[in-house]
1. Please compute the Kirkwood hydrodynamic radius over the range 15-135, one decimal place, Å, based on all pairs of different Cα atoms.
2. So if we plug the beta-carbon distance of CYS18 and GLU42 into 1/(1 + (r/R0)^6) with R0 = 30 Å, what FRET efficiency do we get, rounded to 0.05?
3. Sum up the charges of everything whose Cβ sits under 11 Å from the Cβ of GLU107, counting Lys and Arg as +1 and Asp and Glu as -1, but leave GLU107 out.
4. At 1.4 Å probe size, with the rest of the protein present, what percent of the exposed accessible area of the chain is carbon and sulfur atoms?
5. Quick check: the angle from helix 12-141's long axis to the longest principal axis of the chain, C-alpha only, nearest 10 degrees?
6. Tally Lys/Arg at +1 and Asp/Glu at -1 over every other residue whose Cβ is under 12 Å from the Cβ of ILE137; what's the total?
7. Would you kindly state how much longer the chain becomes between PHE10 and LYS78 on full extension, computed as 0.36 nm times their sequence separation minus their alpha carbon distance, in nm to one decimal?
8. On full extension of the chain, what length is gained from ASN85 through LYS135, given 0.36 nm per residue of separation minus the C-alpha to C-alpha distance?
Amino acid sequence: MTLGRQQSVFNWQACLRCVLLFWKRGREFIQNKKKLEEEKGEKEKKKRKNKKTTEEEKNKKTTEEKNKRITEEEKNKKITEEEKNKRITEEEKKTTQKEKNKKTTEEKNKRITEEEKKTTQEEKNKKTTEEEKNKKITEEEE
């Protein structure tokens, strides 16, 4: 028996299905959002790590290059110092050899002058002795 107007009956089952569906979708949405945020965080962490490692590698490379340059400079310094020392010792050898040569020439000259003096003295002595002999002879003859 209807009164002429139909009464609408609220469908609780459909309402509950709809509410449950929205609740389920909302939960999935929130979970997906959390997953995306976590993935973003992980990606950022990886990027930071990669940046750090690349910076560390660059720093290592630069320090290695600096160390190589420093060792090369030290080697070059050592080589130049050794060359300088060699030159200095060669110059010293030359000067000492020159000094030795001077000394030997001076000694030779001294010997030669002494010999010349001796010979001149001997000649003088001979002359004086001859003159004396001659004088004696001349005196005897007179």
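1. Working: mean 1/r = 0.0391 Å⁻¹.
In the range 15-135 this quantity evaluates to 25.6 Å.
2. Numbers: r = 36 Å, r/R0 = 1.20.
The formula returns an efficiency of 0.25 here.
3. Details: positive: LYS100, LYS102, LYS103, LYS108, LYS110, ARG111; negative: GLU106, GLU114.
It works out to a net charge of +4.
4. Details: 7780 of 15280 Å².
Solvent-exposed carbon and sulfur of the chain make up 51 percent of the total.
5. Around 0 degrees separate the two axes.
6. Working: positive: LYS133, LYS135, LYS136; negative: GLU130, GLU131, GLU132, GLU139, GLU140, GLU141, GLU142.
Neighbour charge sum, excluding ILE137 itself: -4.
7. Working: separation 68, 0.36 × 68 = 24.48 nm, distance 10.12 nm.
Contour length minus Cα-Cα distance gives 14.4 nm.
8. Working: separation 50, 0.36 × 50 = 18.00 nm, distance 7.28 nm.
Extra length from ASN85 to LYS135 when fully extended: 10.7 nm.
The values are calculated or read from the model by the stated rules, or taken from the named source; none is laboratory data. This is a predicted model, so every value here is computed, not measured. All Cβ positions, glycine included, derive from the backbone under ideal geometry; neighbour counts span all protein chains shown. Side chains are part of the model used for accessible areas, which takes the heavy atoms of the whole protein and leaves out ligands, DNA and RNA. Shrake-Rupley method; radii C 1.70, N 1.55, O 1.52, S 1.80 Å.
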